[in-house]
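*Asks:* Supplied in structure tokens, the structure appears directly below.
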Amino acid sequence: MRIRVPPIKTQGIKTKLVPFIRKVVDWTNEKRWVEPFMGSGVVAFNMEPQSALMCDANPHLIDFYRSIQNRSVCAKSVREFLELEGESLRKRGSDHFYEIRSRFNKNPNPFDFLFLNRSCFNGMIRFNRKGAFNVPFCRKPDRFRAAYITKIVNQIDWVADVISRCDFEFKTQDWRVTLSQSSDEDFVYLDPPYVARTTDYHGSWSTADDDDLAALVKKRIGNFALSTWLENRYRRNSYVDENFSEYPIHTQEHFYHLGATETLRNSITEALIISQPTVKQASSHLKAA
Ligand SMILES: C[S@@+](CC[C@H](N)C(=O)[O-])C[C@H]1O[C@@H](n2cnc3c(N)ncnc32)[C@H](O)[C@@H]1O
């Protein structure tokens, strides 16, 4: 099945891992899909669950997808906006990019967020401590060519279609709140920031967050899948061995193209930690055998 790409780019985007995730997770469409760290939303949008709770600490991501849901952002309005602002970018270059950036930081809105995300350096989403978007210009005044705008417009159309066919709820909130709002019947897919890559994200992420996450996820009775990294050419992630040695772990090689530095843009073995079968599931497996 063809994997589609959503309109917003984020570091750590799992586009290339969607087939792998789809193959190994124990999920059927009757279960609500819950993502405490939705990022671009690429995983859920490709899974097309009937019902989903999609959350993130970054309010701009949530506002963007809510705006698609309530149709204040649509293919037509995005095309008009990008044609207009793209033309100004062509004429005025970086001055225009930085003008939109300060406009967005004073008064955030989903159109400017999309513009910045698609014309900033390396498609990154990064905020300073005061919550201001601070990624520099990609230095391509001709960024919004007709073909590029059409590509983005098609991505909006696709996501709008998925959201309109499925029951999606988007919320800005900390992952702990999202977990507390999920039931044992839900399937939870967790893709937290990786500790060594935290500066790229809205909010911060520490080893204490990682420890909290491991403790809470391990208490969960319902099914879950947790994405993390297992190893790269320099080291192995001891977090996985220390916390999840008794859990089924699936791995896949992946190359990250988005990142602030060369060391963040390298090959990594991704791990998907899967919940243990519950007692009920385990006994039905035994009966089947
Ligand atoms: C690795 S990214 C998720 C990528 C996503 N799976 C994708 O494929 O696009 C991690 C996300 O966690 C979010 N995040 C960081 N701290 C958070 C927190 N305390 N609670 C909820 N989300 C948080 C970031 O804003 C970021 O979007």
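The values are calculated or read from the model by the stated rules, or taken from the named source; none is laboratory data. Keep in mind that this is a model prediction, so the values were computed, not measured. All Cβ positions, even for glycine, are placed from backbone atoms using ideal geometry, and neighbour counts span all protein chains on display. Just the protein is used for accessible areas: all its heavy atoms, side chains included, with ligands, DNA and RNA removed. Shrake-Rupley method; radii C 1.70, N 1.55, O 1.52, S 1.80 Å.
*Asks:* Would you kindly state how much longer the chain becomes between ASP211 and ASN70 on full extension, computed as 0.36 nm times their sequence separation minus their alpha carbon distance, in nm to one decimal? Intermediate values should be presented prior to the final figure.
*Replies:* Working: separation 141, 0.36 × 141 = 50.76 nm, distance 3.69 nm.
Fully extending the segment from ASP211 to ASN70 adds 47.1 nm.
*Asks:* If you take every residue apart from PHE104 with its C-beta less than 14 Å away from the C-beta of PHE104, what net charge results, scoring Lys and Arg +1 and Asp and Glu -1?
*Replies:* With Lys, Arg at +1 and Asp, Glu at -1, the neighbours total +2.
*Asks:* Non-local amide H neighbours of PHE170 (under 5 Å, H modeled in plane, Pro and chain starts lacking H): which ones?
*Replies:* Here MET54 satisfy the definition.
*Asks:* What is the angle, in °, between the Cα long axis of helix 75-92 and the longest principal axis of the Cα atoms in the chain? Nearest 10 is fine, range 0 to 90.
*Replies:* Between helix and principal axis, roughly 50 degrees.
*Asks:* Amide H of LEU230 versus every other amide H placed in the peptide plane: which residues, excluding those fewer than 5 positions away on the same chain, fall under 5 Å?
*Replies:* For LEU230, whose amide H was placed from the backbone, the distant partners under 5 Å are THR269, GLU270, ALA271.
*Asks:* Same structure again: Per residue of the range 209-223, what does 6.51 cos²θ - 1.76 cosθ + 1.60 with θ = phi - 60° give for ³J(HN,Hα)? Whole Hz please, x for Gly and Pro, Karplus curve as stated.
*Replies:* Karplus values, whole Hz, x for Gly and Pro: 5, 4, 5, 4, 4, 4, 5, 6, 5, 5, 7, 5, 8, x, 5.
*Asks:* Compute the helix-to-body angle for 146-165: its Cα long axis versus the longest principal axis of the chain, expressed 0 to 90° and rounded to tens.
*Replies:* The two axes meet at around 40 degrees.
*Asks:* Related question: Within the range 75-158, what whole-number % of the accessible surface is contributed by carbon and sulfur, with the 1.4 Å probe and all protein chains included in the calculation?
*Replies:* Here it works out to 50 percent.
*Asks:* In a shell of Cβ-Cβ distance under 13 Å around VAL78, excluding VAL78 itself, what net charge do Lys and Arg (+1) and Asp and Glu (-1) give?
*Replies:* Overall, the nearby charge balance is 0.
*Asks:* Among SER77, SER67, SER180, whose mean-square fluctuation peaks in a Gaussian network model of the chain (Cα, cutoff 10 Å)?
*Replies:* Result for the chain, Cα springs under 10 Å: SER180 fluctuates most.
*Asks:* Given H placed on each backbone N at 1.01 Å, which residues far from SER51 in sequence or on other chains put an amide H within less than 5 Å of it?
*Replies:* The answer is TRP33, ASP167.
*Asks:* Excluding residues fewer than 8 places away in the same chain, name every one of the aspartates and glutamates whose C-alpha is closer than 17 Å to that of LYS130.
*Replies:* Answer for LYS130, where 17 Å is the Cα cut-off: ASP200, listed by chain and number.
*Asks:* Relative to the longest principal Cα axis of the chain, at what angle does helix 279-288 sit, 0 to 90 degrees, rounded to 10?
*Replies:* 70
*Asks:* Next question. Give me the accessible area per residue for the range 36-130, probe 1.4 Å, as a whole number in Å².
*Replies:* About 43 Å² of surface per residue is accessible.
*Asks:* Quick one: order ARG235, ARG143, ARG118 from most to least accessible surface, probe 1.4 Å. Intermediate values should be presented prior to the final figure.
*Replies:* On the way: ARG235 130, ARG143 70, ARG118 5 Å².
Order by accessible area, largest first: ARG235, ARG143, ARG118.
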